[in-house]
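Asker: Just dropping this structure here.
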Amino acid sequence: MTDPVLMTEMWRGDILESMHHGHAVVCNAAGEIVEAWGDPEAVVLPRSSSKMIQALPLVESGAADAAGLTETHLAMACASHNASAIHNDMVRDWLAAQGFGEDDLRCGPQEPRDLAIRDDLIRCGDPVCRVHNNCSGKHSGFLTLTKHLGAGSEYCEIDHPVQKAVLAAHEELTQENSAGYGIDGCSAPNHASTLRGMARAMAFYASAREGNGTRETAAARLRTAMAKHPEYVAGEGRACTNLMRAMGHTVAIKTGAEAYFVAMLPEQGLGVALKIVDGATRASENAIAAILVKLGALDPAHPEAKKYLDAPIRNWDGLQTGLMKAGAALR
């Protein structure tokens, strides 16, 4: 099957109102497909779902340890955060400790997703800044690696040593030549790959163990940091944070723009890559939750899981008007 499959259904009463189709792949540590829906060879930009790959050179090179980065720093390097106080404070302290400032970041200013922080900025008349960008943790990691390598300041350029290291990591872990790249919302290059390639890369992270060589150690540290500190990877109210907590901080998952999602399941040694073709985030959250249940990583009865599986749709008066649920292929 190469056509996208029905992954999420939106019901209003007894009427199927909307449908979201997509592709998903599960690979084992050997890179073999364990299960697939749609086209495993579909080439897609993983967007922020690839941040743990973009952060690999930071750890593998020794830059993270040389800079004294902690586990929470590593989680932030893989984050698409809310710009809550814990995120903003960490980025500012991180930059200052490395001799950098906000102007060294190449991600643009972004309105905080944390509404309290946003409202405080409005009340105080303070401008939105680059620290508030949801990718500022990743860019702090890029700057740390730039300093370690003694490279130039324009670390988002495709021929910069940082981006060359990211491309090498991407191609080696996906076991594919780069299918091209796009410029992400934060101005960094984002490399495309097949769904199978990304699932293969996530399976590497899932099976990586500290002490099994520099690359495995780096991958294991990043995966563990994400799973143990999900509040830094996304933030309160976000699916990544909610579901990693629901799985007991053992599984690492990461969303990406335009309805991409990945998962690293260390107990099963499996990696997952998922793409909803119409870019609907609500569908990718529902579908990844359903896949995690199928793989035995997520308890469907957990209150956080219920937010994304068979989730009630309510109107402004609080009345349940419908239901979001996984398509038959994922049930």
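The values are calculated or read from the model by the stated rules, or taken from the named source; none is laboratory data. The structure presented is a predicted model; accordingly, all values stated were derived computationally and were not measured. Using ideal geometry, Cβ is built from the backbone for each residue, glycine included, and neighbour counts are taken over all protein chains shown. Ligands, DNA and RNA are stripped out before the accessible areas are found, and what is left, the full protein with its side chains, is counted by its heavy atoms. Shrake-Rupley method; radii C 1.70, N 1.55, O 1.52, S 1.80 Å.
Asker: Across 10 Å bins from 0, what is the distribution of all Cα-Cα pair distances for segment 99-162, in whole percents?
Answerer: Reading upward from the zero bin: 23, 43, 23, 12, 0.
Asker: Can you tell me the Rg and the Dmax, both Å, for the Cα atoms in segment 126-276?
Answerer: According to the Cα coordinates of segment 126-276, Rg and Dmax are 15.7, 48 Å.
Asker: Give the cysteines in the chain for which no other Cys Cβ lies under 4.7 Å away, or write none if there are none.
Answerer: C27, C78, C124, C129, C156, C240
Asker: Quick one: Cα centre-to-centre distance for segment 41-83 and segment 131-153, in angstrom?
Answerer: Using only Cα atoms to place each centre, the spacing works out to 11 Å.
Asker: While we're on this one: When the accessible area of the chain is split by element with a 1.4 Å probe, what percent falls to carbon and sulfur?
Answerer: The computed percentage sits at 50.
Asker: Are any of the pairs K51/K275; K294/K325; K147/K228; K275/K307 more than 25 Å apart by Cα-Cα distance, and if so, which?
Answerer: Violating the 25 Å limit, Cα to Cα: K147/K228.
Asker: Compute the Rg to Rh ratio over segment 30-152 from the alpha carbon atoms, using the Kirkwood formula for Rh, and round to two decimal places.
Answerer: Answer for segment 30-152: 1.06.
Asker: Over all Cα pairs of segment 19-69, how is the pair count split among 5 Å bins, expressed in % and running from 0 up to the last occupied bin?
Answerer: Here the calculated profile for segment 19-69 is 4, 14, 15, 19, 17, 11, 9, 7, 3, 1.
Asker: Given N residues in segment 284-331, what is its alpha carbon radius of gyration divided by 2.2 N^0.38 Å?
Answerer: 1.19
Asker: Something else: Give the share of C-alpha pairs in each 10 angstrom bin for segment 202-331, from 0 to the last occupied bin, in whole percents, shortest bins first.
Answerer: Binned Cα distances yield the sequence 13, 42, 32, 10, 2, 0.
Asker: For segment 1-86, what is Rg from Cα atoms divided by 2.2 N^0.38 Å, rounded to two decimals?
Answerer: In units of the 2.2 N^0.38 Å rule of thumb, it is 1.59.
Asker: Here's a follow-up. Please work out the average accessible area per residue across the chain, using the 1.4 Å probe convention, and give it in Å².
Answerer: Averaged over the residues of the chain, the accessible area is 40 Å².
Asker: Sticking with this structure for a sec: Taking only Cα atoms of segment 208-274, what ratio of Rg to Rh do you get with Rh as the Kirkwood inverse-distance radius?
Answerer: Ratio of gyration radius to Kirkwood radius for segment 208-274: 0.98.
Asker: Let's test the formula: R0 of 35 Å, r as the Cβ-Cβ distance of D310 and E236. What FRET efficiency results, to the nearest 0.05?
Answerer: My answer for the efficiency is 0.95.
Asker: Taking only the alpha-carbon atoms of segment 135-223, what semi-axes of the equivalent ellipsoid follow from 5 times the gyration tensor eigenvalues under a square root, in whole Å, largest first?
Answerer: After scaling each eigenvalue by five and taking roots: 22, 18, 11 Å.
Asker: Once you charge only the Cβ atoms, +1 for Lys and Arg and -1 for Asp and Glu, what is the size of the charge dipole of segment 75-164 about its Cα centre, to the nearest 20 debye?
Answerer: So the magnitude is around 220 debye.
Asker: May I ask you to give the average projected area over all directions of the convex hull of the Cα atoms of the chain, in nm² rounded to one decimal?
Answerer: Averaged projected hull area, Cα only: 16.7 nm².
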